[in-house]
Amino acid sequence: MLINSIFLWFFEKRIKEIEMFKENYSEIQNKTLFELINRAKNTEFGKKYDFKSIRNEKDFANRVPLQDYESLKPYIKRLMKGEKNILWDKNIRFFAKSSGTTNDKSKFIPLTDESLKNCHYKSGKDIMAFYVSQNPSTKIFTGKTLTLGGSQKITKNKNNLSYVGDLSAILIQNLPFWAEYIRTPKLKITLMDEWEKKILLTTKSIIKENVKILSGVPSWMLVLLKKVLEVTKKNNLSEIWENLELFVHGGVSFIPYREQFKKIISSDNMKFLETYNASEGFFSIQNDLNSDDMLLMIDYGIYFEFINMKNIKEENPKTLKLDEVEVNENYAMVITTNGGLWRYVIGDTVIFTSKKPFKIKITGRIKHFINAFGEELIIDNAEKALNIATSNTNSLIKEYTAAPIFMKDNKKGGHEWLIEFEKKPDNIKNFTEILDKSLKELNSDYEAKRYKNMTLDFPKIKIAKKGIFYKWLKQKNKLGGQNKIPRLANDRKYIDELLII
């Protein structure tokens, strides 16, 4: 196809640039850091930490303390009121509304023109470059992309100097005019903030379109696609969109959802491509569809540091540069960005699967784990073990969460799993045994605590009522967008709320 030849030619140069990551990563990251420092040296933040005198990466790490949202919030609040030259040398107009912190319902992440252009939009081109280079006969350019945006409209602040909304809404609204011709549904529907009405109108709008690409968060895309099947009275999406070819997904792990998507999309041509993006930046892309790890994108205007999770509780944990990380160690990610974030601990954890090039997998969140008894159970362990259990019992999980059962009187501690099944296992005890065995194989700390039931008792699984997680999110006004089910927690806050619904 002529159109494919044109795109292949266009993407070829970019693929060659990305190949250079393998050899030039240190130079690229060093250049990125000093471009950011030079841009911000005369800002309030830059003057406070004397950016002008920083000579190397070590100076930067020693001079600038690690930041979180709470430490940057006073600066961000002033930016939202229209103040300038605080974290970045240009006016910041857009703020992505993201999930909240302990003290706030929502976070507001600054989005500069540079972060939009050189990070978020650049990633979209790279996704296509990777895909087309591996699938030169693709037909995706002759159809439409179904984008399921966030549930928060862009709104003006009271001063009319800044705009707030979901990242997806900001990105979609700032796309070039021609993008509307290849995207569905129309902008008016995409940016609706009433989630359930939006799903219905989206469904009616897209069922007659020639959809070839899906893009969105797996959990919420699944809600939409099931509504499409319900309205059309079809059993499979291939009956509606016979040319459906690609799902670009991110936001949550795809492991719990993969089998559900395969169940409703029967086409052998269907492919799945994972990305790691957030309001704070776009970080990695699955550049090889035959491998489930993602390439760290080191030329998006983001400088990366990493904290070994073994040291995360230290008052001033040491950060590592890219050339200092090790494969298969669990790290918290620290980012300095062209969005005005400086040594920002984003809250996600990753492992490196490769160093030439640097490829990662997301393992969870710094605060989402169970370690009530020293078992150090992370989301990566949980989802791999659940996947093994469902595969061996011919079952399917829709959503889940887990929490500790604390020791009481003479009773041992344990883990309680609340699972909403799409398809229940015939024998829940067998399912639990496989889950427990798999967790032992994946996590030596869990295995040690489970030894002869001395510390941790056999896990308890409670089958959730249908729709319980959806109802819980609805009660909290968190339908759609980047809102996620908390998979693991080191206390019982989430699971106890769910159990009373």
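Which percent, to the nearest 5, of DSSP beta bridges fully inside the chain are antiparallel?
Working: 49 of 74 bridges.
Bridges in the chain that DSSP calls antiparallel: roughly 65 percent.
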In order through segment 119-129: 3J(HN,Hα) via Karplus (6.51 cos²θ - 1.76 cosθ + 1.60), integer Hz, x for Gly, Pro: 10, 5, 6, 4, 4, x, 5, 5, 4, 5, 4
Integer Hz, Karplus 6.51/-1.76/1.60 couplings in order for segment 79-91, x for Gly and Pro: 4, 5, 8, x, 5, 10, 6, 9, 9, 9, 7, 10, 4
Among beta bridges that DSSP assigns inside segment 115-285, antiparallel share in %, nearest 5: 30 percent
Residue order, fewest to most surrounding Cβ atoms within 10 angstrom, among Ile213, Ile264: Ile264, Ile213
Amide proton proximity set for Leu148, modelled H, under 5 Å, gap of 5+: Ser215
Test item: Cα-centred dipole of segment 369-499, Lys/Arg +1 and Asp/Glu -1 on Cβ, debye: 540 debye
Cross-link partners of Lys484 among lysines (Cα-Cα below 17 Å; sequence separation of 8 or more within a chain): Lys97, Lys105, Lys107, Lys367, Lys398, Lys471, Lys474, Lys476, Lys493
Convex hull of segment 345-499 built on C-alpha atoms - directionally averaged projected area, nm²: 10.9 nm²
Fewest-first ranking of Met128, Met294, Met454, using other Cβ atoms within 10 Å as the exposure measure: Met454, Met128, Met294
Amide hydrogen neighbours beyond the local backbone of Gly364, cut-off 5 Å, H modeled: Thr349
Segment 304-364: trypsin sites (Lys or Arg not before Pro) in DSSP coil with no more than 16 other Cβ atoms inside 10 Å: Lys313, Lys318
Mean Cα-pair separation over length for the chain, i.e. relative contact order, pairs under 8 Å, 6 or more apart, %: 13 percent
Bridge type composition, segment 369-499 - antiparallel percent by DSSP, nearest 5: 65 percent
Hz values of 3J(HN,Hα) by residue in segment 53-63 - Karplus curve (6.51, -1.76, 1.60), Gly and Pro given as x: 9, 6, 10, 7, 5, 5, 4, 4, 5, 6, 7
Likely footprinting exposure, Phe51, Phe21, fewest C-beta neighbours within 10 Å first: Phe21, Phe51
Relative contact order [Cα under 8 Å, 6+ residues apart], segment 115-285, whole percent: 21 percent
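Just so you know, all these numbers are worked out from the coordinates, no wet-lab data involved. None of these values were measured; they are calculated from a predicted model. We place every Cβ from the backbone using ideal geometry, glycine too, and count neighbours over all the protein chains shown.
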